[in-house]
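Data first, discussion second: the structure below is written as structure tokens.
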Amino acid sequence: MTAPPPFTQRLSPTPRGARLARHLALSQLAGWGIPYGSGTAEAVAVIVGELAANAVTHGRVPGRDFELRLALVTGSVRVEVTDTRAERPPGPHDVRAPELLAEAGRGLLLVDALADRWEVVDRDPPGKTVRAEVDVPRWLALTRPEKPCGAYELL
């Protein structure tokens with residue numbers, strides 16, 4: 001069996017759109033068999049929330065939505081958040097901690113801590129995609145068809 005098709009949703013670049021992105025991600029993960037409250041679901045929820053908040057706060061272009069895309073790729077969940085602003089955020093090796101008492105600037109630090117891999121990719125027309133992957137324990141159980149009653153699994 002192959003991985004299920006990706007989930008893609010355009011959302012308004014508002015705080016409500018960012019919250020909805022997080023809720024939709026958790027719902028989609030549950031549909032793929034990754035339960036709410038699992039380490040994978042929690043990591044993906046935080047990553048989606050932070051990237052969506054960044055798209056709303058830093059990537060907003062009036063009249064343009066941002067896009068959330070989730071996919072099960074071999075061994076992991078891939079999260080992509082795309083906006084239409086061309087300015088690039090720092091990449092994985094360039095993220096710096098904010099001042100101790102700063103009220104903002106920790107989102108990409110969280111992404112860096114929770115994602116197993118992440119990157120910033122330019123897109124054409126102007127804009128960018130921030131892509132992050134979280135490894136999924138027991139990946140094969142998500143992609144195998146269910147066994148009929150009485151079937152034995154070989155180890």
Review point. On full extension of the chain, what length is gained from THR57 through ASP94, given 0.36 nm per residue of separation minus the C-alpha to C-alpha distance?
Key: 11.4 nm
**Study point:** Accessible area in the full protein assembly, largest first, 1.4 Å probe, for THR14, THR8
**Key:** THR8, THR14
Practice item. Mind checking the per residue accessible area of the stretch 35-76 for me, 1.4 Å probe, whole number of Å²? Key: 44 Å²
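The values are calculated or read from the model by the stated rules, or taken from the named source; none is laboratory data. Note that this is a predicted model, so its numbers are computed, not measured. SASA here: full protein model, heavy atoms, side chains in, ligands and nucleic acids out. Shrake-Rupley method; radii C 1.70, N 1.55, O 1.52, S 1.80 Å.
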